[in-house]
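Here, each number is a calculation from the coordinates, and none is a lab measurement. Remember, predicted model here, so these are calculated numbers, not experimental data. Because the Cβ atoms are built from the backbone with ideal geometry, glycine has one as well, and the counts that use them run over all protein chains shown.
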Amino acid sequence: MTPEYKIMSKPKIGIIMGSKSDLFVMQDAADVLKELGIGYEITVVSAHRTPDRMFSYAREAAGRGLKVIIAGAGGAAHLPGMVASLTHLPVIGVPIKSSNSIDGWDSILSILQMPNGIPVATVALNAAKNAGILAAQILSTADDAITKKLISYKENLKKKVEESASEMGDV
């Protein structure tokens, strides 16, 4: 039985989280991917509560055409590392400060401290937007259209800073 996922156009990036309560953070990854016109799917996959679902998701991801997986988790935060152990795809971990978290450090260290051979790229606490941008950058190495969108995206960031400086009377 294949789990169902919320899918946006032809997904190249999978966004998963350990609990629906993590969506408030993980939605930022979906939003930036949507802005960049990159298809994604998003669903809940718990390493601890639904290990069979996690195994299926990780093992079938490449076969469904995914190129990168973004995995967010709080607390013990085993989801990114366990998924990385089951697939050859790059996995980007998003540590989430959850209600049972120790200021988020438990999540950060659980994702960051992976053993050699099972890498997980790790972004800052609750930084799903950066995970989405990093996933797009990974895809851009083989897709000129995404490269152009990222260059434009970063130019817009630069313009916003310059506008802010100008509004403050900065030279």
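The table that follows gives values for the structure above.
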| item | result |
| --- | --- |
| Theoretical FRET efficiency, 1/(1+(r/R0)^6), r = Cβ-Cβ of N116 and T43, R0 35 Å, to 0.05 | 0.75 |
| Cβ-based charge dipole, the stretch 14-74, positive-most Cα from G14, P51, A29 | P51 |
| Ellipticity estimate at 222 nm from DSSP helix runs (n ≥ 4, -39,500 (n - 2.57)) divided over the chain, nearest 500 | -14000 deg cm²/dmol |
| Cβ-Cβ FRET estimate between V161 and K10, R0 fixed at 35 Å, reported to 0.05 | 0.55 |
| Computed label-point distance, nm, for sites D52 and A124 using a 7 Å Cα→Cβ extension | 4.1 |
| Rg followed by Dmax, in Å, when the stretch 6-143 is reduced to its Cα trace | 13.3, 40 |
| Spatial separation of Cα centroids for the stretch 22-67 and the stretch 107-139, in angstrom | 14 |
| Relative contact order of the stretch 6-143, defined on C-alpha pairs under 8 angstrom at six or more residues apart (%) | 26 |
